[in-house]
Each structure stands twice: as structure tokens, then as C-alpha cells.
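**Student:** This is the structure I want to talk about, given as C-alpha cells.
Derivation of every value follows stated rules applied to the coordinates shown; laboratory data play no part. Note that the coordinates shown come from a computational prediction; the quantities given were computed from them, not determined experimentally. Glycine gets a Cβ as well: all are built from the backbone with ideal geometry, and neighbour counts include every protein chain shown.
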Number of protein chains: 4
Amino acid sequence: MATLNPEADALIKSEDPFHPANLIPELCRGFYTLGWVTGTGGGICIRVRDKVYIAPSGVQKERILPDHIFVLPYPQPNPHGDRVFLRKPPHNLKESDCTPLFWNAFDQRDAGSCIHTHSQHAVMATLLWKEETFTISHQMIKGVRIAGTGAALSYLDTLEVPIIENTPVERDLKDSMEDTMKRFPNAAAILVRRHGVYVWGTDWQKAKTQAECLDYLFEIGVKMKLAGLPTVLN
Amino acid sequence: MATLNPEADALIKSEDPFHPANLIPELCRGFYTLGWVTGTGGGICIRVRDKVYIAPSGVQKERILPDHIFVLPYPQPNPHGDRVFLRKPPHNLKESDCTPLFWNAFDQRDAGSCIHTHSQHAVMATLLWKEETFTISHQMIKGVRIAGTGAALSYLDTLEVPIIENTPVERDLKDSMEDTMKRFPNAAAILVRRHGVYVWGTDWQKAKTQAECLDYLFEIGVKMKLAGLPTVLN
Amino acid sequence: MATLNPEADALIKSEDPFHPANLIPELCRGFYTLGWVTGTGGGICIRVRDKVYIAPSGVQKERILPDHIFVLPYPQPNPHGDRVFLRKPPHNLKESDCTPLFWNAFDQRDAGSCIHTHSQHAVMATLLWKEETFTISHQMIKGVRIAGTGAALSYLDTLEVPIIENTPVERDLKDSMEDTMKRFPNAAAILVRRHGVYVWGTDWQKAKTQAECLDYLFEIGVKMKLAGLPTVLN
Amino acid sequence: MATLNPEADALIKSEDPFHPANLIPELCRGFYTLGWVTGTGGGICIRVRDKVYIAPSGVQKERILPDHIFVLPYPQPNPHGDRVFLRKPPHNLKESDCTPLFWNAFDQRDAGSCIHTHSQHAVMATLLWKEETFTISHQMIKGVRIAGTGAALSYLDTLEVPIIENTPVERDLKDSMEDTMKRFPNAAAILVRRHGVYVWGTDWQKAKTQAECLDYLFEIGVKMKLAGLPTVLN
């Protein structure tokens, strides 16, 4: 098990604005402006090789500081035991409730970053698409990559985003998210009914741009559905 | 009665960005961006133990300065008499019209902060829910706390926010708000029909994150209602 | 006719952020963010006693500089002759096309500031209220003042905003706006069908907060109308 | 063919905030806020006489730096051969996929700037106007210029924006965009069905203000259509 000593703080101290401990606060401020993480919900984690950087749970996402960031080893030494940390922030903070879900993106897709939003476009999509997947075609889906980490989709493809059912406790989504990622090996994201979405990419830039593309598609899809327009063309 | 002398200004002068006299202006700028306090309506007050910090009435909420902040003792020495101040700003400013309503949150719930918004999502919710309460379930209500200061609600609970009828003068809402808070001891907020909402928490962070959660729920609830979707599941 | 000499520039140079030549650029940036003045449309003028400060026509309203500001004497020495200036900016700029309309607010209501927006809420209100006035009651109209410069309206009053028909050239609205302001002496603003709204107040703060209140009311009124809710209660 | 040498970087280094290499990053940040270029889509190019400044493809448009900007000669020495550059950025960046479409605006309209957005208002307009053009009248269309570079339209004119069908690869739109610009010599922009819009002007200011006017008109047109209001009056 990793020891927590003063040197651990070196893991989150950097002058580089692109260091994960600096990026996560900045990106979360942007997500707050987009309405993705209001009321402490949602967030982003970044993995750089064998280290994962995660924001705390239950805090105002637009006010995170580098000092609030958790660092965990990847993979975890004991996947089914207690979670191991390389660095914990002070103030009795707890790591994000999304941690097991973020781990799915690392384990199942070798992702370098995972974003979770409570975007109302995503939630409305899960309400208006009562079936197992959100589907749309003939829109600007080429910003989305197959499996979230592969080749770009084409305008002529149909994007299919699986929707899993929500549970009261975030970590209880882990197994159904994992199963669904296996059943839909090309899925670039997982929607959670009445809750939000998980999106990932090979690095934070790709995770973020795919999260934006998908949110755009959820938004236009919802508008089309409400206007009586078909969202999939043959 | 508190005397107003030059030392009173020390109550609102601080280098600490988290001092209430600095926080209230900053938070109100954020609320303005969210559309919660346009046209001088709405605001936030913060109570730290025996001192209450309140913004002035009728001013542009995105342009408040620390010098504009009122400080009042809590509890008031003479609850039914003239209001007593520890510090008054210059310029003939008057304390927020919401003061008696904010006091309800302190007296009834031991709150440390109370937020009032004119959010259109809140107002539309009071128009589309013609009954006595706004209700929603199976949404991200876990950011809301029972009574506004207790344990978090669960995804499986039904959130119920009472709606009181508006009056032409803000202070005339005091009694019906107080009665309603007593009749609904678990209520985390009070909606005012055709007017807005009052939300509170044990401190400013919790008041703010709950105000965001509730506004999110009013917004998604209104969207669902207009799309013909049920907002409460059994 | 006023001469234009180097000293004229002193009229628009000030370190005071509340000087009209500094305020107009700042306020227009805010209006741009609100969607009120995109594509060079709309703006604000400020009158301080015998001097009127006006932005140029046809420029990006979020990029105005103090050096772009026109200064005109009030009243004009020759109301029916050529317009007289105390200061003109360089670069062949022309004063705002709204100048004659702003003058109506000074002449008819003794206003100290007038704001013109192309807000989509205002335009949609003029499309959904096909009659001569936009009307709403039992909303937060108490931020609006009778005639735009008098006492505040009450929650129990019905707000009535006259709508005039648009013309291809802005200055051709002058007479119908003036007539309508006389026929509706209590009107706090004039809507222009398929175009936008003119709002005024005794100073820039009151003009701005009333413009925000009215825009809020146009927005909620449009939402109510589209949801089939009555906007005036008896 | 242009050689790429260290001096080429002088083309994108300037202290002047209005230098194209500084303007493009700033303008793209603004477009991101407007929702026009999320997820790396869309952008702006600027032509100053014989030099064209273009942003890279597939990058986050709100994070462009001057160092990322491509400079190309205009006209191209070999229009049907390999594209020639005066300056290429490092990092294996590729010039915007929109380059051939931007070129249409230069060649067909002698434009000094061209903007491409994925605005949802534009996309919804192409879905609700199933015919060959988007049309609207009696709105604030006077900010739009005939052919994008000529005289201003009047309130009494009917604005007509052609809609071309999308293709999976951006460059394959070149010929149909060019044909359509020839068939509609007065068109101020070209909509692309299910994709977005191309807008141009004689310089970046006019391209930007026209893009704002047109986006405003797409937005109000969509709202009117959804509310059952006619968008063209006789």
C-alpha cells in the first residue's frame, strides 16, 4: 500500500498548466459554465500512464484547487480490496463517487481520461429514447470515435449510445456499465437513464472534444424528437 | 441597540476572499450570470454564528461591493421591534427586502446561509405545478438535503418542494413561509408562486449547491412536463 | 454649430469607470453576452444633464472603445436642423441610428439613459401578442416603474407595453414612438414589432435594471403563452 | 513552392491584437462561448490581400494559439495541385478541413474572411426548411449584405439562404457550394443540411457581424416555425 507522506504533494504541484492537477480545476470550471457539473455533480479524471488524478466528491466543481486532487496508482495493487492512493488531499475530502466508473473506462477501453456530466441534454435523451440505446445519424457525428478511442465515425454511420438504468449509489453502476461496454464494444459513451453520461478518450483533449460532440448530438437529437423529426435516416 | 461607529466598517473589511463581505459580491455576480438575480431581484445572505451579512435592496446584484454589505446581530435583540444593525453601508442603502424571509431559514432550520432567486425555471415550475407542491422523483435529487440541513435525499425518494402564494410586498411572505416550513418539516426550499424560490443550507457552500441542484430539478421537471413525461414514478 | 477641436476629446477621457464614455463600452459588452446587441444591433446612450453620450452605428457593440463615443448637447440648438455635436470620433464613424429614438426618451420622459435591444424575447413577444400591447400580470413586475421614471409597479398591477410597427429605417420610428409614448403616458418601454424594444430610466442604472426586468417578463410571457398559460389574471 | 524556414514564423508573430494570427484564437474563443465550434468543429479564416490565415483541423477551437496558425498564399500558385504554404505550425497539425470551402468565398465573392459554424440554430433551420433555401422576411435582416459583400438588405426584402446537402468529407462540399454560390449570386451565406453554415464578408468584422445576424435569424426563424408563425410575409 502506498504511503502518504509530505512528498506526495509533489504529485499535484506543478507550474505547467497542462499538469493534470492544474487541468482538472480549469476544465471543471469550463464544465460548470456548460451546465454539466452544477451542484457538485459530475467531473473529469485524467490518467497518465500509471497515475490517475481524480477530483474530490461533493465539492463545488468550479472551485476545485490542485490541492484537492487525489492521485491513485493504476492499476490498483488490490483491485477487489481497499482503494490505494499515492496522494490524498487534506480536509477529510473523499475521492469522487465516480471512481469505479472512471476505472471501467481505463480497464475496458484503455482510456486516458473520462468525463461524467449531468447535462440536461443527456438526461432528456435518456427520457425520450425509452429503448436501450440513443441513436442518431446524418449529423456531425464524425467528432465521435468508435469505442471512444478508435477511428472516427462517418456522417453516414448511425451513432448508438447505450443507456443503462440508474441506481441510487453511483458505485452500483459499475457492473452494468462494464457489462454494457462489453456488449457494445463500439460504444463511445454510456448514458445513465435520468442521471447523465460517461464519456472517455485516449487523453483529456479527446475525452473533452468527444464529450462536447456527444452533448451536441444529445441536444440536437432532443430538439428533433420534440419537433417530430426522425433522428435516424435509412 | 447597536451603535454605528467607524469601527463597524471593520466587520466588512477583509483580505480573505471567503469573508462573507467578499463572498456575497462574488456569489451574486455568479448568480447574475445564471439568470437568478437580474434586475436587482434575489440575492444571498450568510450567517456566521451571531452575525448576519446581507446585501442591499434594489441594487444591481452583479455590482455589489463589500462596502454595500449590512451586518446584523443574530438573534435580533428585539425580534418584534425595530431591526438592529452592527454595520450599515453609506449612500442611504436599505437592507434586502428578503431579510425577514432569510430570518425564517435561520430560525426554523438553523441555516447558515439562504439564497433567493427569481429563476425562470422556478417560476415556470410554480405555474405548471398548480397544486401545493412541486414534486419529482428518479432524478439527481441526491444533492438535496432533508429539511435543507439534514441527510441527503436518495434517488428513490420523491422530492417535494412546497409552493406558497405570492404577495405584493416581500415581507408579507414571512408568515406563510414560516407556517409552510413548519407544516413541511422536511422541505429543503420554499417556492413562491409567480416569483421565485428560497433555498438554504448549513453554510454558503451547501446553500449554493442545493440551490443549483434544485434549479436543475425545476428546469428538467419543466422540460419533462412540457414534453408530456411524468415527473414522479411509483 | 459646435466646433470640433482637440479639447473635445477631453469629454470622453476619464479614469472614472462610471464616466459615460467608459460605461457605454462596458455595458455594451454585457448586453452582447445577454444576446441583446449581436450583429451591431442595439445599444445604450447616457445623458448627464446637458450632454448626451452615444455609441457609433454599425460597429461590433462588444468592442466599443471610449474613443468611439459621440457627445451631443442636450437640448439640440436646432431640433429640426442638422444634428450638432460636441465631440465626434475619428474613422468616419456615424452616430447610432437610434439617436432620434433615444431623444424621444429624453424629451417625453426626461430620461437619463435609454437602451435599445434586439432581444429575441422582445421580438417573440411582439409576434405572439398580435394586438397593440404586450400585457402581463402577477409576475415580478415591481422592478418596472410607471412611465419608466416614476413609482414602481405592484405585483397586482397589469404591465402594459405598447407595440409599434417597424419601419425599414430606424429614424422613421421616431414619430410613431413619440405618439405612442403620449397615448400611453404610463408606458415604461416601447416594443417594436419584429425588431426589439426601447427602455429608459432616470439614469443608466435604472434604465439597465428595467431593461433586465422587462426582458425577463417578455421571456416568461413567451414561455407561458407557448405553454398555453394565461399571462393576465383578473 | 513556398519554402518553410525559420523566418516563416514571423508571419504569425505580432504584438498587434488585430493581427490575424492573434485574432483567430480570440475570435474562436468567442465562437466557442456561442456554441458555434464545440468539439473542434467550425472556425474562421482571414485573408489579408495575398495571405490567408487558417486554423488547424481537429483541435479544440477555444485553445488555439498563434503558433498553431497556417499561412497560405492567395491565390494558390497551383490551384489544382498540392496546396502551398507560407508557414506551417509544428506538431504535425493539419490545416482546417474547411480550407477548400473558405477558398470558395475568396474566389467567388472576393471575401476577406469566412466563418464556418455548427450552430444548432443553423442545423435546425436546415431540418425545418426542407426545401432548397431558408427564407425569412420582416425581421432584422438589414445587418446582412447582398452576396455577403454588397449593399445591406432592407427590412422589406426576403432573405434567402441556399441549403446544400452534406457529404461525409468536408472538401467534397466544394463543388456544390461553388455551384450554389453561382446560381444564387446574391446569397450571403451557404447552409449545409444537418451540418452548419458558411458565412463570409469583405473583412473579419463584417464576416463576424453577418454570422451573428444570420445566426440570430436562423434562431428566430426556428422559434417562429415551431410556434406555427409564418416566417415570410407578403
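**Student:** With 20 Å as the limit, write out which pairs from C:223/D:208; C:13/C:208; A:61/C:223; A:225/B:223 have Cα-Cα distances beyond it, or answer none. Don't skip to the answer; put the middle values down first.
**Tutor:** On the way: C:223/D:208 30 Å; C:13/C:208 23 Å; A:61/C:223 31 Å; A:225/B:223 13 Å.
Those over the limit are C:223/D:208; C:13/C:208; A:61/C:223.
**Student:** Among B:23, B:69, B:141, flag the residue with its Cα farthest along the positive direction of the charge dipole of chain B, charges on Cβ as +1 for Lys/Arg and -1 for Asp/Glu.
**Tutor:** The one lying farthest along the dipole's positive direction is B:141.
**Student:** Once amide H atoms are built 1.01 Å from N in the peptide plane, which residues 5 or more positions from residue B:95, or in another chain, come under 5 Å H to H?
**Tutor:** Here B:57 satisfy the definition.
**Student:** With charges only on Cβ, +1 for K and R and -1 for D and E, what is the dipole size of the stretch D:1-99 about its Cα centre, in debye, rounded to 20?
**Tutor:** 160
**Student:** Then there's this: Given N residues in the protein assembly as shown, what is Rg(Cα) / (2.2 N^0.38 Å)? Intermediate results must be reported in sequence, preceding the final value.
**Tutor:** Working: Rg = 28.5 Å, N = 936, 2.2 N^0.38 = 29.6 Å.
Taking N as the residue count of the protein assembly as shown, the ratio is 0.96.
**Student:** Viscosity 1.567 mPa s, temperature 4 °C: give me the Stokes-Einstein translational D for chain B in µm²/s, with Rh taken as the Kirkwood radius over C-alpha pairs.
**Tutor:** On the way: Rh = 17.9 Å.
Calculated translational D: 72 µm²/s.
**Student:** When each copy gets a label point 7 Å from Cα toward the beta-carbon at residue B:171, what are the spacings between them in nm, shortest first?
**Tutor:** Result for residue B:171, in nm, nearest copy first: 5.2, 5.2, 7.4.
**Student:** Taking square-rooted eigenvalues a ≥ b ≥ c of the alpha carbon gyration tensor, is the stretch D:8-76 rounded, prolate or oblate, where a/c under 1.5 means rounded and, failing that, a/b exceeding b/c means prolate? Walk me through the numbers before you get to the answer.
**Tutor:** Values: a/c = 1.96, a/b = 1.57, b/c = 1.25.
Prolate shape, in that a/c is at least 1.5 and a/b is the bigger ratio.
**Student:** Moving to a separate point now. In the neighborhood of residue A:139, defined by Cβ-to-Cβ distances under 12 Å, what is the net charge if each Lys or Arg adds +1 and each Asp or Glu adds -1? Don't skip to the end; give the middle numbers.
**Tutor:** Values: positive: A:142, A:223, D:193, D:194; negative: A:157, A:219.
Combined, the nearby Lys, Arg, Asp and Glu give +2.
**Student:** Still on this structure: Ordered shortest first, which distances in nm separate the 7 Å Cα→C-beta label point of residue C:49 from those of the other copies?
**Tutor:** Inter-copy label distances (nm, one decimal, shortest first): 5.0, 5.0, 7.1.
**Student:** Using a 10 Å cut-off around each Cβ, can you sort B:45, A:28 from fewest to most neighbouring Cβ atoms? Display every interim value, and only then the final one.
**Tutor:** On the way: B:45 31, A:28 23.
The most exposed by this proxy come first: A:28, B:45.
**Student:** Continuing with the same structure: Quick check: the angle from helix A:174-183's long axis to the longest principal axis of chain A, C-alpha only, nearest 10 degrees?
**Tutor:** 50
**Student:** If you don't mind, there's one more thing I want to ask. So the label point sits 7 Å from Cα along the Cα-to-Cβ vector; using that for residue C:229, what distances do you get to the other copies, in nanometres, sorted shortest first?
**Tutor:** 1.9, 1.9, 2.7
**Student:** Against the longest principal axis of chain D, how steep is helix D:204-226, in degrees 0 to 90 to the nearest 10, with axes from Cα atoms?
**Tutor:** Once rounded, the angle reads 30 degrees.
**Student:** To continue, here is another question. Counting pairs of alpha carbon atoms under 8 Å apart in space and at least six apart in sequence, what relative contact order in percent does chain C give?
**Tutor:** On the way: 471 pairs, mean separation 44.1, N = 234.
Dividing the mean separation by the residue count of chain C yields 19 percent.
**Student:** So if I restrict to the alpha-carbon atoms in the stretch A:149-203, what is the Rg, and what is Dmax, the biggest pairwise distance, in Å?
**Tutor:** Answer for the stretch A:149-203, Rg first and Dmax second: 12.1, 38 Å.
**Student:** Still on this model: Cα centroid distance between the stretch C:137-157 and the stretch D:78-118, in Å?
**Tutor:** Their Cα centres are 54 Å away from one another.
**Student:** About the Cα centre, and with charges only on the beta carbon of Lys, Arg (+1) and Asp, Glu (-1), how big is the dipole of the stretch A:57-212? Nearest 20 debye, please. Walk me through the numbers before you get to the answer.
**Tutor:** Details: 18 positive and 19 negative charges, 62 e Å.
Dipole magnitude for the stretch A:57-212 comes out near 300 debye.
**Student:** While we're here: Can you show me the helix-derived [θ] at 222 nm for chain D, built from DSSP H runs with n ≥ 4 at -39,500 (n - 2.57) apiece and divided by the number of residues, rounded to the nearest 500. Let's see the in-between values first.
**Tutor:** Working: 5 runs with 67 residues, N = 234.
The per-residue figure over chain D is -9000 deg cm²/dmol.
**Student:** Give the order of A:44, C:146 when sorted by the count of other beta carbons within 10 angstrom, beginning with the fewest.
**Tutor:** On the way: A:44 30, C:146 14.
Placing the least packed residue first, the sequence is C:146, A:44.
**Student:** Please arrange C:212, B:165 by counting, for each residue, the other beta carbons lying within 10 Å of its beta carbon, fewest first.
**Tutor:** B:165, C:212
**Student:** Looking at the square roots a ≥ b ≥ c of the eigenvalues of the Cα gyration tensor of the stretch B:123-234, which shape do they give, rounded for a/c under 1.5, prolate if a/b is larger than b/c, or oblate?
**Tutor:** Details: a/c = 1.70, a/b = 1.14, b/c = 1.49.
Oblate.
**Student:** If you place +1 on the Cβ of every Lys and Arg, -1 on the Cβ of every Asp and Glu, and leave all else neutral, what size is the dipole of the protein assembly as shown about its Cα centre, to the nearest 20 Debye? Display every interim value, and only then the final one.
**Tutor:** Values: 100 positive and 108 negative charges, 101 e Å.
Dipole size: approximately 480 debye.
**Student:** Please state the shape class of the stretch B:91-152: rounded when a/c is under 1.5, otherwise prolate if a/b exceeds b/c and oblate if not, all from the C-alpha gyration tensor.
**Tutor:** Values: a/c = 2.44, a/b = 1.39, b/c = 1.75.
The shape class here is oblate.
**Student:** Among D:213, D:85, A:129, whose Cα lies farthest out toward the positive end of the dipole of the protein assembly as shown, if unit charges sit on the beta carbon of Lys, Arg (+1) and Asp, Glu (-1)?
**Tutor:** A:129
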